[in-house]
Amino acid sequence: MAYRVLGRAGPPQPRRARRLLFAFTLSISCTYLCYSLLCCCDDLGQSRLLGAPRCLRGPGAGGQKLLQESRPCDPSGPTPGEPGAPSAPAAGAPSPRLSGSNHSGSPKLGTKRLPQALIVGVKKGGTRAVLEFIRVHPDVRALGTEPHFFDRNYGRGLDWYRSLMPRTLESQITLEKTPSYFVTQEAPRRIFNMSRDTKLIVVVRNPVTRAISDYTQTLSKKPDIPTFEGLSFRNRTLGLVDVSWNAIRIGMYALHLESWLRYFPLAQIHFVSGERLITDPAGEMGRVQDFLGIKRLITDKHFYFNKTKGFPCLKKTESSLLPRCLGKSKGRTHVQIDPEVIDQLREFYRPYNIKFYETVGQDFSVASSCGPVFTHAVFSSLES
């Protein structure tokens, strides 16, 4: 009898083994599922804490098909100051590192800062050329347009001004250019209030040539304006120059410089010769780089002389999308002016020039290796 009982108990053994195997497999599957859910929740929680978008993780071996049907997350987001942008961090909190892009479009970290350096003048002196040349340097990021913050848009506030700036790394300099600052009475004080350490760049040029270039540009937009001679003098017979005309007044450099020296020491202002910028662009830009405290990387190899336009242009490089030359608005042929008018204006500017040279400790009329810097000849130039 015992034999029969034992004989009947023998066959169920394979079923019990299968049940144990099934239970073990189910346990492993549940463990894996719980682990996956825990990891997913952890990633989701971190994404919410960091304010990051809810993105799927990189495709694994078993999830490629699902991820291929999913839309990738857009890494771009609203920048500070734009609609939908996050509020500014509390005082004392570290500034977030925002993604940006350089001229080639490749992403890099950075944040928007108020400019540490400004090209403040002068109009038609060569400021656009200096801006485009210095932008080649990897340690400089510059705003391409003129924001006119310190003369026209000051009421918008520094936060608005900062929002216009390109994103930069800690090691990079933020730069902007607005030539009208130099002749704006309030600009020195306003810039000083932003930062007393701001470095200032002024591009000067023969004031007579500058005035003619200014007039040539205006004439191209308003062909019905009076003649250059008519605008320059209140009484040409008596030699009375009309200093209320902006084209004449801008060239009185010594007068405008007095306003800047009330707030900034001369060591914080660098003067670029618009004429030498044509004859020796590498030399002038070398001094600009020294002034900004960055390595001299912009050299002769970056320039070639364009005979058609009459000024140097940047060479095209594989890593740069900058144009080879300045725009079509640069290099205009100046209108022909009566030589006697030019001589009268040269005499008018003479005392202002002498005072300007003495103040800055540099004589811009001294002949360079390529000829005289300030000449009364009328020619096409970088800011014509």
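The table below lists the values:
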read-out	value
Every pair of residues 6+ apart whose Cβ atoms lie under 7 Å, when the first sits in region 234-263 and is under 20 Å from Lys123 (Cβ atoms) while the second is open to solvent by less than 70 Å² (accessible area, probe 1.4 Å) and among the polar types (S, T, N, Q)	Val241/Ser232; Asp242/Ser232; Trp245/Ser232; Ile248/Ser232; Ala254/Thr359; Leu257/Thr359
Neighbours by Cβ (under 7 Å, 6+ apart or cross-chain): first from region 295-310, in contact (Cβ under 8 Å) with a residue 12 or more places away in the chain and within 15 Å of Glu132 (Cα to Cα); second open to solvent by 70 Å² or more (accessible area, probe 1.4 Å) and not in a strand (DSSP E or B)	His302/Lys315; Phe303/Lys315
Test: residue in region 192-201 that is under 30 Å from Ile354 (Cβ atoms) and in a helix (DSSP H, G or I)	yes
Scan of region 220-230 for residues that are open to solvent by less than 50 Å² (accessible area, probe 1.4 Å) and farther than 15 Å from Glu340 by Cα, ordered by number	Ile225
Qualifying residue in region 123-142 (condition: assigned to a strand (DSSP E or B), within 16 Å of Gly251 (Cβ to Cβ), at pLDDT 95 or above and not hydroxyl-bearing (Ser, Thr, Tyr))	no
Region 310-343, subset farther than 16 Å from Ile278 by Cβ and surrounded by 13 or more Cβ atoms within 10 Å (Cβ to Cβ), residue modelled with the lowest pLDDT	Leu322
Considering residues of region 152-171 that are over 26 Å from Leu257 (Cβ atoms) and open to solvent by less than 10 Å² (accessible area, probe 1.4 Å) only, the residue farthest from the chain's Cα centre (by Cα)	Thr168
Given (1) surrounded by 14 or more Cβ atoms within 10 Å (Cβ to Cβ); (2) modelled with pLDDT of 95 or more; (3) touching an Asp or Glu at 6+ places or on another chain (Cβ under 7 Å), index of the condition Tyr215 fails	(3)
First in region 189-211 and at pLDDT 95 or above, second anywhere and open to solvent by less than 10 Å² (accessible area, probe 1.4 Å) and of a type in the set (S, T, N, Q), Cβ under 6 Å, 6 or more apart	Ile191/Thr198; Val203/Thr127
Some residue of region 369-378 being under 27 Å from Trp260 (Cα atoms), among the aromatic types (Phe, Trp, Tyr) and either open to solvent by 30 Å² or more (accessible area, probe 1.4 Å) or at pLDDT 95 or above (or both)	yes
Residue within region 296-309 that is buried (at least 18 other Cβ atoms within 10 Å of the Cβ), modelled with pLDDT of 60 or more and in a helix (DSSP H, G or I) present	yes
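The values are calculated or read from the model by the stated rules, or taken from the named source; none is laboratory data. These figures come from a predicted structure and were not determined experimentally. Note: ideal-geometry Cβ built from the backbone for every residue, glycine included; neighbour counts use all protein chains shown. For accessibility, only protein heavy atoms count, side chains too; no ligands or nucleic acids. Shrake-Rupley method; radii C 1.70, N 1.55, O 1.52, S 1.80 Å.
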